[in-house]
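K.L.:
Sharing a structure below in structure tokens format, with a few things to ask.
The values are calculated or read from the model by the stated rules, or taken from the named source; none is laboratory data. Small disclaimer: the values here were computed from a predicted structure and weren't measured. Here the Cβ positions follow ideal geometry from the backbone for every residue, glycine too, while neighbour counts run over all protein chains shown. Just the protein is used for accessible areas: all its heavy atoms, side chains included, with ligands, DNA and RNA removed. Shrake-Rupley method; radii C 1.70, N 1.55, O 1.52, S 1.80 Å.
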Amino acid sequence: MISARQDGEEARRRRARHPALLAAGIGCYVLVVIAAMFLLVDGPGPFARIALWILHGLLLVVLIRRLGARESSTYAALFVVITSVMSVYVFDLARDDLTLQHRGERVTATVVKERLDPAQGRKARHSHYELRREDGSRVPGPDMETTSDLYDVGQVLTVIEDPEGTLRPRTPGQVDATGELFGAGAPALAALGAVGWMTWRGSDAAGRRDERKRPGGMSRVYQRATGTATTREEQEERGLRAEALGNRGSWRFGEKVVEEVPHV
């Protein structure tokens with residue numbers, strides 16, 4: 001008995017280590033995919049990226065099922081894929097700000113021309129500003145853009161320009177990517193949290209399966225599920241006793257037949 005109990009405890013310890021290592025591997029894999037898909041934003045076309053996300057989801061289903069929670073593995077994999085896509089999208093919004101922070105140069109410029117986007121229903125009209133440096137040269141890159149009419153022609157601004165001329169100049173306040181980074185990190189953490197949740201569910205399901213296999217395991221599973229210390233057989237016996245006590249004319253008995261005696 002002691003040896004069997006020790007073997008069971010050792011099996012539980014091995015099972016607990018295995019899902020923890022597998023969950024850590026899945027978490028690292030999710031983060032690597034997020035980083036790789038971010039780098040591929042400007043690479044393959046949208047159909048290729050969609051195919052890669054679908055392949056990623058199918059692989060996640062296989063990996064999450066190995067954690068033990070097979071019933072909801074598909075939904076968990078879909079949640080991880082959706083949150084990963086959100087993380088890549090938001091992080092891509094911060095790409096230009098991070099690039100300007102890295103290679104941009106701070107200059108003083110004057111607004112020399114302003115234009116608004118054409119009216120399109122209820123869509124917000126962005127403002128575009130042509131900027132020139134103090135020496136009269138044009139600030140490189142496309143016109144600076146804002147979501148509302150913030151500046152007037154002749155106004156002097158401090159902006160960060162892209163020496164390579166590929167990014168729009170922006171004010172120091174616009175270049176702050178803190179909000180985007182937090183916005184990209186939140187979905188990534190949600191994806192990792194889903195992996196942790198499925199790890200817990202898988203371990204719990206494995207524990208219930210092991211408990212059912214042990215002698216008397218079904219009784220313990222029933223007690224834990226119903227929240228009572230009595231088994232179903234004990235509850236039925238109590239019900240029969242209560243019914244016999246209350247009915248004076250007709251009694252019911254719960255004894256089981258042990259031996260059949262043939263009629264003479």
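K.L.:
Going through the stretch 103-116 one residue at a time, which ones are open to solvent by less than 70 Å² (accessible area, probe 1.4 Å) and more than 24 Å from Asp176 (Cβ to Cβ)?
P.N.:
Correct list: Val112 only.
K.L.:
In the stretch 98-142, what residues are farther than 20 Å from Gly165 by Cβ and either under 40 Å from the mean Cα position of the chain (by Cα) or among the aromatic types (Phe, Trp, Tyr) (or both)?
P.N.:
Hits for the stretch 98-142 are Leu116, Asp117, Pro118, Ala119, Gln120, Gly121, Arg122, Lys123, Ala124, Arg125, His126, Ser127.
K.L.:
Answer yes if at least one residue in the stretch 75-92 is in a loop (DSSP other than H, G, I, E, B) and either open to solvent by less than 90 Å² (accessible area, probe 1.4 Å) or at pLDDT 85 or above (or both), and no otherwise. Give the steps one after another, and end with the answer.
P.N.:
In the first step, residues of the stretch 75-92 are kept if they are in a loop (DSSP other than H, G, I, E, B); the result is none.
Looking through the stretch 75-92, none of the residues is in a loop (DSSP other than H, G, I, E, B) and either open to solvent by less than 90 Å² (accessible area, probe 1.4 Å) or at pLDDT 85 or above (or both).
K.L.:
Just one of the numbered conditions (1) on the phi > 0 side of the Ramachandran plot; (2) under 13 Å from the mean Cα position of the chain (by Cα) is not true of Gly68; which one?
P.N.:
(2)
K.L.:
If you check every pair at least six apart or on different chains, which have Cβ atoms under 8 Å apart with a residue in the stretch 113-134 that is touching a residue at least 12 places away in the same chain (Cβ under 8 Å) first and a residue that is outside any loop (DSSP other than H, G, I, E, B) and of a type in the set (Lys, Arg) second?
P.N.:
That search, which allows pairs on different chains as well, returns Ser127/Arg115; His128/Arg115; Tyr129/Lys113; Glu130/Lys113; Glu130/Arg138; Leu131/Arg138; Arg132/Arg138.
K.L.:
Continuing with the same structure: What single numbered condition from (1) in contact (Cβ under 8 Å) with a residue 12 or more places away in the chain; (2) loosely packed, with under 15 Cβ neighbours inside 10 Å; (3) of a type in the set (Asp, Glu) fails to hold for Asp97?
P.N.:
(2)
K.L.:
To continue, here is another question. Collect the residues in the stretch 89-131 that are of a type in the set (Phe, Trp, Tyr) and closer than 30 Å to Ala188 by Cα, keeping them in residue-number order.
P.N.:
Residues satisfying the conditions are Tyr89, Phe91.
K.L.:
Is it the case, given these coordinates, that Asp117 is over 30 Å from Gly193 (Cβ atoms) and touching a His at 6+ places or on another chain (Cβ under 8 Å)?
P.N.:
yes
K.L.:
On the given criteria, is Ala36 assigned to a helix (DSSP H, G or I) and either free of Cβ contacts under 8 Å to residues at least 24 places away in the same chain or out of contact with any Lys or Arg (no Cβ under 9 Å at 6 or more places or on another chain) (or both)?
P.N.:
When the stated conditions are applied, Ala36 passes them.
K.L.:
Only one of (1) in a loop (DSSP other than H, G, I, E, B); (2) open to solvent by less than 80 Å² (accessible area, probe 1.4 Å); (3) more than 24 Å from Phe38 (Cα to Cα) is not met by Lys123, so which one is it?
P.N.:
All conditions pass for Lys123, except number (2).
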